[in-house]
Amino acid sequence: MKIVTVIPLSKGVFKDQLSYFTSSEVSVGSLVTVPIRKKMIHALVTNITDAQTIKAQVKSAPFSIKKIEKVRSSPIFSEDFMKVAQKTADYFATTPGAVIESVIPKSILEAYGNNDLPKTNRVATRKNDSLKNEPYIFQSNDNERMSTYKSFIRESFAKQNSVFFCLPSAQKIEHVYNMLEKGIASYTYVLHSKLPKKEIVTTWKKVLTSKHPVLIIATGNFLAIPRNDIGAIILDFENSTGYKMIQRPFIDYRIFVEKYAEQTKIKLVFGDVFLRVETLEREKGKEFIAFAPLKFRMLQQSRQHMVDMEKQETDETKKTFTILSKDLNDLIEYTKENNEHLLLLTSRRGLNPVTLCGDCGTLVRCASCSAPMTLHKKDSKQIFICHKCGSRKTAKVTCENCGSWKLVPLGIGSQLTEKEVVETHPDAKVFRLDSDNATTHKRAATIASDFKNTPGSILIGTEMALSYMPASIDNVAVVSIDSLFALPDFRGNERIFNLLLRLYNKATKNFVIQTRNADAMIFEYLIKGNLMDFYRNEIAERKDLDYPPFKTFIKITLEGKKETVTQEMKKLTKELSQYDALAFPAFIQKIKGKYRMHMLIKLNKQHWVDKKLLLVLRSLPPSFNINVDPENLL
C-alpha cells in the first residue's frame, strides 16, 4: 500500500496538494483520477510513500484518506517542468495544478488518460550540465525579426534542437507560419485552441514521435508539450496583452517561459517591434541580452500625416459632429481610384461609445453593471448595449437623473464610421470587422480575406481586426483613438503607442491619424518613429509614481453585496497593514448587479515572492481574485 501525494489539475480546487492511497503501480509524474467533492478529476503524482513508514500519521489523521480511482498514464512531465510549475504558482499566488492546467489543453490530458499518447518524444534528452540560461530580447520590425528567426531556427535544427515559437493568439499563428514554414513545412507544427480537439491530439502525437527536430508554433496553453530536445523558446509580439490570462489563475505566459528557460538552461528570445517598457528597463539592468542591436528608430515607409480635428471644424461644421476629415475623404477616393486597400481603425465598436444627458451631464449606464452603455444599431433599430455584461435596452429612454429627453451620443464607433463612409462614398466597397459582426474566428477570417481580395476596398475595424490583417496594407488611417486617453490606466500610454506603432508599420503608402488631442507627445514620437524618447519619458514617469517595473503590483478583487464586500476588504486591509494595502472601489463598481472593490499591494521587485504574504493570499477564500502583475487597476 502506498500513500500518494498529487496536484489536482482543476481551476476549481484551491489546494496545492492532496493525499490518497493505492495498491497499484504508480510513478512520480503519472496522471491519475481522484475523487474530490463527489467529482472525479485528473491529478499529477508528486510524491509516493510506503504506507508502513507513516502508519502512525495515517491512523492519527483527522480525516480519512481516499483511494485513487485509476492510474491513467505513466510519467508525462519531467522533474524540471514540475519545479517550474511550482515556482510559477508561487509567483502568481495560485496552485501548481492551476498552472499546469493553463499550459496543457484538457483534450491532451484526456488523451493521456486514455493512453492515446506517448509519454514523451523518443529523441535523446538534452544534456544541460554545460549549458547556461541565455535570455535575449529582439526589437525590430516584423519582417526583419521573422527573417532572423528563420535563420536561427535552421541553425537550431542543425544542432539537433527543436524550437517552440510562442504567440499570443491563433490569428497571429497563421501569419507567422506563412513566413517561417518555407523549406521546413514537414517539420513545422501548429497548435492553438481554435483547432478541433481531434486535430490537436493528432498534431501533439506527431510532434512527440518525430525523430527530426521540429518547429512548434503555438499559443501559451501548449507550452507543456514534453519534447525533450527543445533548445529555444521564441516568444514574439511580447508587448501583446494576450499573454496574460484574463481569468483565474491570471497566469502570464511570459513569466512561465522565463522560469522554464532558466530551469532547463535553454535560449529564450522575447521579440516585438516595441518591447514592453519593463522589459527594456530590465535589459538596461543586464537581465537580458540584445539578440541584435535594438531598433529605437522606425524607418518611414509611408507618408505620415496627423489631422487636428479641432482645426478642421468651422462655424458651419461645428453644428454637426465631424467623423471624416477632408484628408481622410481624399484618401478614401485615392484608394478607390488606384485599386488599393485602406484600413480605417476606431477604438470602439458600435455607433457611439458613450451617451450623456445634454441638460445635467449624466451618462447612460447599465442598470446591473454601472458601466457606460454603447449605442448600437441592430435590425434597423438603435439600442444601448453593455459591453461588460451584455444587457440591452431601447434607445428611447430619458435621463435617469433628471428625466430629460436630451440625450447626446458622443465618440466614434465602428458602426458609425461605416455608416458615414457608405453615405459619403456610396460606390465604395466597404467591409467591417469587429466582435459585433465577426463572432467567430472563421467569420473574421472570411471578412479579412474578402477585403484583401477586393481591390479598391475599405475595411473598418477595431483593434481586433489587426490580428487578421496582412503584414502590409497600402493605406492605414486612425479615425478615432482619443477615448483611450480617458481611461485611468497606468499602462495606457504604452498600450496606445504600441497599437499606433503596429498600424504605422503596416502602412506602405499613407498613414493618417485623426485626433482632437493633437498636443499629446505620443503622436509626435510616433510620426517621427522615435521609440527611444517615448521609452525615456514613460520609464521616468513610472519611476516617479512607483509603477512597474520598479514595483510589483498585486491586485485583489472581491465582488458581492456592497456591505459584505466593504466589510471583508476592511478586515483584509487590517490584516495586511504591514504591506500598506490600499482598498478602493473598482472603476466600474457594479457588474451584473454585484459591487466590486480592489485592493492594491505595492512591493519592491526583490521582495516578491514574500512567503509570509503568499501564505495569507493562499488562505483567502476562492471569492477573492488575486492578480499578480495585473494589466491594469481598473
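The values are calculated or read from the model by the stated rules, or taken from the named source; none is laboratory data. Keep in mind that what you see is a predicted model, and the values were worked out from it rather than measured. All Cβ positions, even for glycine, are placed from backbone atoms using ideal geometry, and neighbour counts span all protein chains on display.
The set of residues in the range 400-414 being of a type in the set (A, V, I, L, M, F, W, C) and outside any loop (DSSP other than H, G, I, E, B) consists of 407, 408, 410. Applying the criterion of being outside any helix (DSSP H, G or I) and in contact with a Phe, Trp or Tyr (Cβ under 8 Å, 6 or more places away or on another chain) to the residues of the range 493-527, the residue that is surrounded by the most Cβ atoms within 10 Å (Cβ to Cβ) is 511. Please determine whether any residue of the range 609-625 is closer than 27 Å to residue 371 by Cα, out of contact with any Phe, Trp or Tyr (no Cβ under 6 Å at 6 or more places or on another chain), hydroxyl-bearing (Ser, Thr, Tyr) and surrounded by fewer than 16 Cβ atoms within 10 Å (Cβ to Cβ). Yes, the conditions are met somewhere in the range 609-625. The sole residue among 4, 45, 34 that is free of Cβ contacts under 8 Å to residues at least 40 places away in the same chain and under 19 Å from residue 76 (Cα atoms) is 34. Listed by first and then second residue, the pairs with beta-carbon distance under 9 Å, at least 6 apart or on different chains, first residue in the range 71-84 and touching a residue at least 24 places away in the same chain (Cβ under 8 Å), second of a type in the set (Asp, Glu), are 71/25; 84/262. From the list 386, 399, which residue is under 18 Å from residue 371 (Cβ atoms), free of Cβ contacts under 8 Å to residues at least 60 places away in the same chain and within 24 Å of the chain's Cα centre (by Cα)? None of the others qualify; the one that does is 386. Put simply, of 590, 571 the only residue that is of a type outside the set (S, T, N, Q) and out of contact with any Ser or Thr (no Cβ under 7 Å at 6 or more places or on another chain) is 571. Being over 20 Å from residue 17 (Cα atoms) and part of a loop (DSSP other than H, G, I, E, B) is the filter here, so list the residues in the range 603-622 that pass it. If the condition is that a residue be over 20 Å from residue 17 (Cα atoms) and part of a loop (DSSP other than H, G, I, E, B), then 608, 610 are the ones that fit. In the set 144, 155, only one residue is of a type in the set (Asp, Glu) and either touching a residue at least 60 places away in the same chain (Cβ under 8 Å) or closer than 19 Å to residue 469 by Cα (or both); that residue is 144. Just one of the listed residues (207, 190) is of a type in the set (A, V, I, L, M), touching a strand residue (DSSP E or B) at 6+ places or on another chain (Cβ under 9 Å), part of a helix (DSSP H, G or I) and modelled with pLDDT of 95 or more, namely 207.
Assuming residue 281 fulfils every condition listed in (1) among the charged types (D, E, K, R); (2) surrounded by fewer than 22 Cβ atoms within 10 Å (Cβ to Cβ); (3) under 30 Å from residue 403 (Cβ atoms); (4) touching a residue at least 24 places away in the same chain (Cβ under 8 Å) apart from one, which condition is it? Among (1) among the charged types (D, E, K, R); (2) surrounded by fewer than 22 Cβ atoms within 10 Å (Cβ to Cβ); (3) under 30 Å from residue 403 (Cβ atoms); (4) touching a residue at least 24 places away in the same chain (Cβ under 8 Å), the lone unmet condition for residue 281 is (3).
Can you say whether residue 481 is modelled with pLDDT of 95 or more, of a type outside the set (Phe, Trp, Tyr) and either closer than 28 Å to residue 610 by Cβ or not assigned by TED's automatic domain parsing to the domain that holds residue 143 (or both), as far as the supplied structure shows? For residue 481, the condition - modelled with pLDDT of 95 or more, of a type outside the set (Phe, Trp, Tyr) and either closer than 28 Å to residue 610 by Cβ or not assigned by TED's automatic domain parsing to the domain that holds residue 143 (or both) - is not met. Regarding the range 166-179, can at least one residue be identified that is of a type outside the set (Val, Ile, Thr), in contact with a Gly (Cβ under 7 Å, 6 or more places away or on another chain) and at pLDDT 95 or above? Yes, that holds for at least one residue. In the set 231, 242, 220, only one residue is surrounded by fewer than 19 Cβ atoms within 10 Å (Cβ to Cβ) and in contact (Cβ under 8 Å) with a residue 12 or more places away in the chain; that residue is 242.
Name every residue in the range 449-469 that is polar (S, T, N, Q), outside any helix (DSSP H, G or I) and out of contact with any helix residue (DSSP H, G or I) (no Cβ under 6 Å at 6 or more places or on another chain), in order of residue number. Passing the criteria: 453, 454.
Within the range 357-399, the set of residues being part of a loop (DSSP other than H, G, I, E, B) and among the β-branched types (Val, Ile, Thr) comprises 362, 364, 397, 398.
Every condition in (1) at pLDDT 90 or above; (2) not in a helix (DSSP H, G or I) holds for residue 43 except the one numbered (1).
Against the test of being assigned to a helix (DSSP H, G or I), under 23 Å from residue 607 (Cβ atoms) and at pLDDT 95 or above, the options 574, 555 yield a single qualifying residue, 574. Counting only strands (runs of 3 or more DSSP E) that fall entirely inside the range 227-322 and contain at least 3 residues that are more than 30 Å from residue 606 (Cα to Cα), the qualifying elements are 303-308. Looking only at residues of the range 55-88 that are crowded, with 18+ Cβ neighbours inside 10 Å and of a type in the set (Phe, Trp, Tyr), we find that the one that is modelled with the highest pLDDT is 81. Taking residue 177, is it aromatic (Phe, Trp, Tyr) and farther than 20 Å from residue 266 by Cα? Yes; evaluated as a whole, the condition is true for this residue. For the range 379-404, the tally of residues that are under 26 Å from residue 596 (Cα atoms) and surrounded by 12 or more Cβ atoms within 10 Å (Cβ to Cβ) stands at 12. Look at the range 595-608: where a residue is over 17 Å from residue 569 (Cα atoms) and a partner is assigned to a helix (DSSP H, G or I), sitting 6+ places away or on another chain with Cβ atoms under 9 Å, you get 603/579; 603/613; 607/613; 608/91; 608/614. Can you confirm whether residue 565 is surrounded by 20 or more Cβ atoms within 10 Å (Cβ to Cβ) and under 29 Å from residue 600 (Cα atoms)? Yes, satisfied. Please work out which one of (1) in a strand (DSSP E or B); (2) under 27 Å from the mean Cα position of the chain (by Cα); (3) not charged (D, E, K, R) is the condition residue 435 fails and give its number. Condition (1) is where residue 435 drops out.
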